[in-house]
Amino acid sequence: MAWVFFDRQSFVALPLAFITVLFLVAGLCFSGSFLVWYRHQPDYDKHPNEVPFRDWITGKFAVWGSQQSSKQAATEILLPMAAAAFGITAMGTIYAILSSMIGSSIVS
């Protein structure tokens, strides 16, 4: 999404390419470490039988000596990421609007 909002001039393309490569490398490192962990985990860590998603999503999680519903746990994980995504999108939108206003000499 950064390409759409911030790639207005030629000198911005190179930093955006570096940031894209940074995220690509971070994603590849994460997926690589996950695959190594998944293939080499001890037998006692594997769950003896697969839990259906419906049972997993309606279950409870042990959190610091108490229990928390799965919906609340998912909300606590996804809400900060969604807020960051919306914030970055809002900053890009504001930047695009202000840069078009400055370019057309509405704002001096």
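The values are calculated or read from the model by the stated rules, or taken from the named source; none is laboratory data. A quick note: this is a predicted structure, and the numbers were derived from the prediction, not measured. A quick note on method: Cβ atoms are made from the backbone with ideal geometry, for glycine too, and the neighbour counts reach across all protein chains shown.
Points worth noting:
- Restricting attention to the stretch 1-50 and to residues that are hydroxyl-bearing (Ser, Thr, Tyr) and either at pLDDT 80 or above or under 28 Å from Met91 (Cα atoms) (or both), the residue that is surrounded by the fewest Cβ atoms within 10 Å (Cβ to Cβ) turns out to be Ser10.
- Contact map, the stretch 77-103: first residue surrounded by 12 or more Cβ atoms within 10 Å (Cβ to Cβ), second residue among the hydrophobic types (A, V, I, L, M, F, W, C) and not in a helix (DSSP H, G or I), Cβ cut-off under 8 Å, separation 6 or more or different chains; pairs are Ile88/Met1; Thr89/Met1; Gly92/Met1; Leu98/Val107; Met101/Val107.
- Restricting the stretch 51-68 to residues that are assigned to a strand (DSSP E or B) and among the aliphatic types (A, V, I, L, M) leaves a set whose member that is surrounded by the fewest Cβ atoms within 10 Å (Cβ to Cβ) is Ala62.
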